[in-house]
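Here the structure is laid out as structure tokens; the discussion comes afterwards.
The values are calculated or read from the model by the stated rules, or taken from the named source; none is laboratory data. Just so you know, these numbers come straight off a predicted model, no measurement behind them. Cβ placement follows ideal geometry from the backbone for every residue including glycine, while neighbour counts extend to all protein chains displayed. Please note that ligands, DNA and RNA were not included when accessible areas were found on the heavy atoms of the full protein model with its side chains. Shrake-Rupley method; radii C 1.70, N 1.55, O 1.52, S 1.80 Å.
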Amino acid sequence: MRVCVVGTGHVGLVTCASLAAVGHEVVGVDSDEAKIEQLKSGDSPFFEPGLPELVEEGLRSQRLRFSTQIADGAPEAEIVFICVGTPPRESGEANLVAVENATREVMQHLSRAAVIVEKSTVPAGTSERIRRTLQRERPDLAPQVDVVSNPEFLREGKAVEDATNPDRILIGADGERAFVPMRELYKPWIDRGVPVFETNIATAELAKHACNAFLSTKISFVNALARLCERAGADVVAVADVMGADDRIGRQFLNAGLGYGGYCFPKDLLAFERLASRLGYEFGLLREVATINDDAVRAAVEKVKDALWNMEDKRIAVLGLAFKPDTDDIRLSPSLALARQLLDEGAHVVGYDPVAGLEAKGEIPDLEVVNTMWEACEGAHCVVIATDWQEFKDADLERLRSTMAYPVVVDGRNIYEPAEMNRLGFTYYPTGRPVVS
Ligand code: UDX
């Protein structure tokens, strides 16, 4: 099928590449000229394992093209994906200006019956707005254009895997006509047995928010438990194991730590809470989830203070700056929130991340960013594990012990074994587990 994807951010680019890989003709459009040039030359604008190879395969087969002009992709497209950003407004509501503008421009160029697909995470009710925009822009063509909600469930760092082997495909449409081309588009996945959920649009829009909000709630639940375990002398990892053994609960997303970050959970949770409020339902649980998440970083800072007494003249190494491993994304990273709070306390903070160092330096100029974990830990009075990169899990802990000025580790991701840390002579503050001293 002929597909146009507007917006080549994380979601858009993975959508482009995975659709081209199964044989569709895809044009990826972005107004950012530098990014399009980069993509045309086969370079990926961000770090995502497996994506450069998939993009290159698409370019080589000529099924994937990139352009700065919607006019290059929209006119002949049977399906147009809207994958532009929906950043938060100050109020927390999603800013949908880019969605409206992209829809308008697509409609100006469309020359045939087509489906316009909302792929960006948008509040329930957006499809109705899109429909009205179609009607205003092209009253001649609007009756032949359907709006579909087809949210993505990609995780950064595993986006290619998630796009290739999704748990489910969610298609929301109001009317049978729109489902037909969507089923054809996803035929290669459907034939492989990937479950498809066909719902009305409001359900699809809401389901996406519900998934992210529920996962965030799970993380905040375990982080609240961690605070309690620390006070009670219990071990949150063991508590989570016990809970997770119950199929109805499940072990995933019960890892206590610095909390969630990134460009999806924090923003989507707020937007969902705002949407609920606008619809007349006060979803106070979601506000509490966000508060507990902020507290997770504060709790780690308190541990550093507990270990070091005064922060002035102390060198603190923050290991991991990306919001999670296998990505260079630092947006709303708990690690950066932590680094900022430590700097505010007067400490000398040295950060290291296998891929996100430059980005972090751009965000926090006072943060000293170095190129190896050993440089960061050299002479440190405390090391904070902020992101659970494999490199830190595999680190030689004896070397770490002898590199540091004081052997204090605050583990914001519970990557080390308390007994081992004890044996090596560390003062070790895990999250939600007894302190080793
Ligand atoms: C998330 C959803 O998983 C994905 O389905 C959706 O499409 C986009 O948002 P992503 O933001 O890439 O994906 O990250 P994810 O792997 O879900 O992790 C989110 C955050 O939660 C990270 O900061 C991670 O460190 C944190 N987390 C995750 C925990 O703190 N504890 C856990 O147990 C799991």
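Taking the criterion of being at pLDDT 95 or above and acidic (Asp, Glu), the residues of region 184-235 that qualify are Glu184, Asp191, Glu198, Glu230, Asp235. Filtered by the rule that a residue be farther than 30 Å from Val147 by Cα and touching a Pro at 6+ places or on another chain (Cβ under 7 Å), region 204-234 gives a lone residue, Gly233. Determine if region 240-250 includes at least one residue that is in the same structural domain as Met373 (by TED's automatic domain parsing), of a type in the set (A, V, I, L, M, F, W, C) and touching a residue at least 40 places away in the same chain (Cβ under 8 Å). Checked region 240-250: no residue is in the same structural domain as Met373 (by TED's automatic domain parsing), of a type in the set (A, V, I, L, M, F, W, C) and touching a residue at least 40 places away in the same chain (Cβ under 8 Å). Within region 12-49, if we keep just the residues that are within 18 Å of Thr68 (Cβ to Cβ) and of a type in the set (D, E, K, R), the residue that is surrounded by the most Cβ atoms within 10 Å (Cβ to Cβ) turns out to be Asp30.
Only a single criterion out of (1) more than 14 Å from the ligand (Cβ to nearest atom); (2) under 22 Å from the mean Cα position of the chain (by Cα); (3) closer than 19 Å to Arg433 by Cα is not satisfied by Leu258, namely (1). Scoring Val237 on the criteria (1) surrounded by fewer than 22 Cβ atoms within 10 Å (Cβ to Cβ); (2) within 19 Å of the chain's Cα centre (by Cα); (3) within 12 Å of the ligand (Cβ to nearest atom); (4) in the same structural domain as Asp295 (by TED's automatic domain parsing) leaves a single failure, condition (2). Scanning region 329-353 for residues that are under 18 Å from the mean Cα position of the chain (by Cα) and not polar (S, T, N, Q) returns Asp329, Ile330, Arg331, Leu332, Pro334, Leu336, Ala337, Asp353. Restricting attention to region 347-386, and to residues there that are small (Gly, Ala, Ser) and surrounded by fewer than 16 Cβ atoms within 10 Å (Cβ to Cβ), which single residue is modelled with the highest pLDDT? Ranking the candidates gives Gly379 first. Across region 203-219, the qualifying residues are those that are open to solvent by less than 30 Å² (accessible area, probe 1.4 Å) and near the ligand (Cβ under 9 Å from one of its atoms), and the one among them that is nearest to Leu258 (Cα to Cα) is Ile219. For region 82-110, a residue qualifies if it is surrounded by fewer than 18 Cβ atoms within 10 Å (Cβ to Cβ), of a type outside the set (Gly, Ala, Ser) and either modelled with pLDDT of 95 or more or more than 19 Å from the chain's Cα centre (by Cα) (or both), and the qualifying residues are Glu90, Val97, Glu100, Asn101, Arg104, Gln108.
With the requirement that a residue be open to solvent by 80 Å² or more (accessible area, probe 1.4 Å) and within 26 Å of the chain's Cα centre (by Cα), what does region 58-81 give you? Answer for region 58-81, where residues must be open to solvent by 80 Å² or more (accessible area, probe 1.4 Å) and within 26 Å of the chain's Cα centre (by Cα): just Arg65. Candidates Ala419, Ala395: the one that is among the small types (Gly, Ala, Ser), more than 18 Å from Leu343 (Cα to Cα), assigned by TED's automatic domain parsing to the domain that holds Glu312 and touching a helix residue (DSSP H, G or I) at 6+ places or on another chain (Cβ under 7 Å) is Ala395.
Going by the structure shown, is Arg177 away from the ligand (no atom under 16 Å from the Cβ) and closer than 23 Å to Arg274 by Cβ? It is false that Arg177 is away from the ligand (no atom under 16 Å from the Cβ) and closer than 23 Å to Arg274 by Cβ. A count restricted to region 302-328 and to residues that are surrounded by fewer than 24 Cβ atoms within 10 Å (Cβ to Cβ) and within 15 Å of the ligand (Cβ to nearest atom) stands at 4. Within 23 Å of the chain's Cα centre (by Cα), open to solvent by 30 Å² or more (accessible area, probe 1.4 Å), more than 16 Å from the ligand (Cβ to nearest atom) and modelled with pLDDT of 95 or more: is that true of Gln390 in this structure? So Gln390 does not fit the description; no. With respect to Thr68, determine if the residue is closer than 21 Å to Ile201 by Cα and hydroxyl-bearing (Ser, Thr, Tyr). No, not satisfied. Can we say Leu270 is in contact (Cβ under 8 Å) with a residue 24 or more places away in the chain and either open to solvent by less than 70 Å² (accessible area, probe 1.4 Å) or polar (S, T, N, Q) (or both)? Against the criterion (in contact (Cβ under 8 Å) with a residue 24 or more places away in the chain and either open to solvent by less than 70 Å² (accessible area, probe 1.4 Å) or polar (S, T, N, Q) (or both)), Leu270 does not qualify. Beta carbons closer than 7 Å, at least 6 apart along the sequence or on distinct chains, pair a first residue in region 322-347 that is in the same structural domain as Ala299 (by TED's automatic domain parsing) and in contact (Cβ under 8 Å) with a residue 40 or more places away in the chain with a second that is among the charged types (D, E, K, R) and near the ligand (Cβ under 9 Å from one of its atoms) for Ala322/Asp329; Phe323/Asp329; Pro325/Asp388; Thr327/Glu156; Asp329/Glu156.
Taken together, Ala299, Ala232, Ala276 contain a single residue that is more than 15 Å from the ligand (Cβ to nearest atom) and open to solvent by less than 30 Å² (accessible area, probe 1.4 Å), which is Ala276. When we screen Val242, Val304, Val289 for residues that are under 30 Å from Ala376 (Cα atoms) and not acidic (Asp, Glu), the only hit is Val304. When you check Asp344 against the structure, is it more than 15 Å from the ligand (Cβ to nearest atom), within 20 Å of Asp295 (Cβ to Cβ), open to solvent by 20 Å² or more (accessible area, probe 1.4 Å) and not basic (Lys, Arg), yes or no? Criteria met by Asp344. Mind checking whether some residue in region 126-134 is touching a residue at least 12 places away in the same chain (Cβ under 8 Å) and outside any helix (DSSP H, G or I)? No, because not a single residue in region 126-134 is touching a residue at least 12 places away in the same chain (Cβ under 8 Å) and outside any helix (DSSP H, G or I).
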